[in-house]
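S.K.: Got a structure for you, questions after.
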Amino acid sequence: MKFGRQTTLRSQATVTGVGVHSGLPVNLTIGPASLDAGFVFVRTAPDGCDREVRATAEQVIATEFATVLGDRDGPVVSTAEHVLAALRGMGVDNATIEIDGPEVPIMDGSAAAFVAAIDQAGIVTQSAARRGIQVLQVVIGESFGELRPYGNGFRAELEIDFANPVIGRQSYVLDLSPERFRREICRARTFGCISNVAQMWSAGFALGASFENTVVFDDERLLNTDGLRYADECVRHKVLDVIGDLALAGLPLLGVFRSIRGGHKLNHAVLTALLADRTAYRVVEAEMGRRSRTYAEVAGGMVGGMIAPAYGPDVS
């Protein structure tokens, strides 16, 4: 396995928005973290009583409409999947995510704003080898979702099948790399059906949803006047969610994730099944021979249509 050294962010970058479910304003700042830290959320408070939670499968306390992380005192941060997808998709291994509200801001409903923040902060390589979780055998979740071995990094194979005829059946296959995540996945927005809005509002969800951050359908057509970003935007967003939810493994996954009609609950169930069976995976470490620009090291800003590396000097 040759996929380089661990990476973190060179500096901090902040995004500001509202939570799609809470409707509350929130500031989120991504920044550097030490070797082997993974992704750590810090819920800041005016009185200085900050709460910290590491983004791992063990800290998931809810998966209805979003992935919620918490501790023994209750929820710490909701809708974590989009910023986690951006970090994992762009090849960042270690990052601190400070947030001053209960929910990650939805921004435009995609991960594009978080990718822009990563570009602004920049990515630097660290001194230790990247580690990953290599899937050794097929692991099946509660409904149809599975992880199976794969010899070339991480691959997602998804199919969705909605009763709504405008969405219908869509499928997508992605071999994850920063280039493909940026080009094909990060701009895909969250979506929903107008017929479900009243029920979600009454349950306390989608209070911050709007046509600016959600793709909305009725039974016959798309309601957003600006149209879709991709003809298959819905399944691409499901791929985005998978990348974010599986980032809760704590290390990059090396395997194939396949699901049909999946969601946050299924994603978490499959990941939990994998981690519960110690014979189903092993932790492997990248070879530290000749350095080559692979996986994370092509992450960077888009300049004049070309990929411009966002790397600074190596740090320890």
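S.K.: Among the numbered criteria (1) in contact with a helix residue (DSSP H, G or I) (Cβ under 7 Å, 6 or more places away or on another chain); (2) farther than 24 Å from residue 263 by Cα, which one does residue 88 miss?
M.R.: All conditions pass for residue 88, except number (2).
S.K.: Pick out the one residue from 31, 38, 17, 48 that is out of contact with any Gly (no Cβ under 9 Å at 6 or more places or on another chain) and at pLDDT 95 or above.
M.R.: 31
S.K.: Filter region 150-169 down to the residues that are closer than 20 Å to residue 245 by Cα and either touching a helix residue (DSSP H, G or I) at 6+ places or on another chain (Cβ under 9 Å) or in a helix (DSSP H, G or I) (or both) and list them by number.
M.R.: 153, 154, 156, 158, 159, 160
S.K.: Filter region 207-237 down to residues that are part of a loop (DSSP other than H, G, I, E, B) and of a type in the set (A, V, I, L, M), then give me how many there are.
M.R.: 5
S.K.: Kindly provide the set of residues from region 248-273 that are over 30 Å from residue 163 (Cβ atoms) and out of contact with any Pro (no Cβ under 7 Å at 6 or more places or on another chain), ordered by number.
M.R.: Within region 248-273, 249, 250, 251, 252, 253, 254 meet the criteria.
S.K.: Now for a separate question. Applying the selection to region 12-70, what residues are among the polar types (S, T, N, Q) and within 29 Å of residue 202 (Cα to Cα)?
M.R.: 16, 22, 27, 44, 59, 63, 67
S.K.: Can you say whether residue 182 is within 20 Å of residue 263 (Cα to Cα), basic (Lys, Arg) and touching a residue at least 40 places away in the same chain (Cβ under 8 Å), as far as the supplied structure shows?
M.R.: No, not satisfied.
S.K.: Residue by residue through region 122-173, note down the ones that are touching a residue at least 12 places away in the same chain (Cβ under 8 Å), open to solvent by 40 Å² or more (accessible area, probe 1.4 Å) and β-branched (Val, Ile, Thr).
M.R.: Selection gives 140, 166, 173.
The values are calculated or read from the model by the stated rules, or taken from the named source; none is laboratory data. Just so it is clear, the structure is predicted and the values come from calculations on it, not from any experiment. So basically every Cβ, Gly included, is an ideal-geometry build from the backbone, and we count neighbours across all protein chains shown. Accessible surface areas use protein heavy atoms only, side chains included; no ligands, DNA or RNA. Shrake-Rupley method; radii C 1.70, N 1.55, O 1.52, S 1.80 Å.
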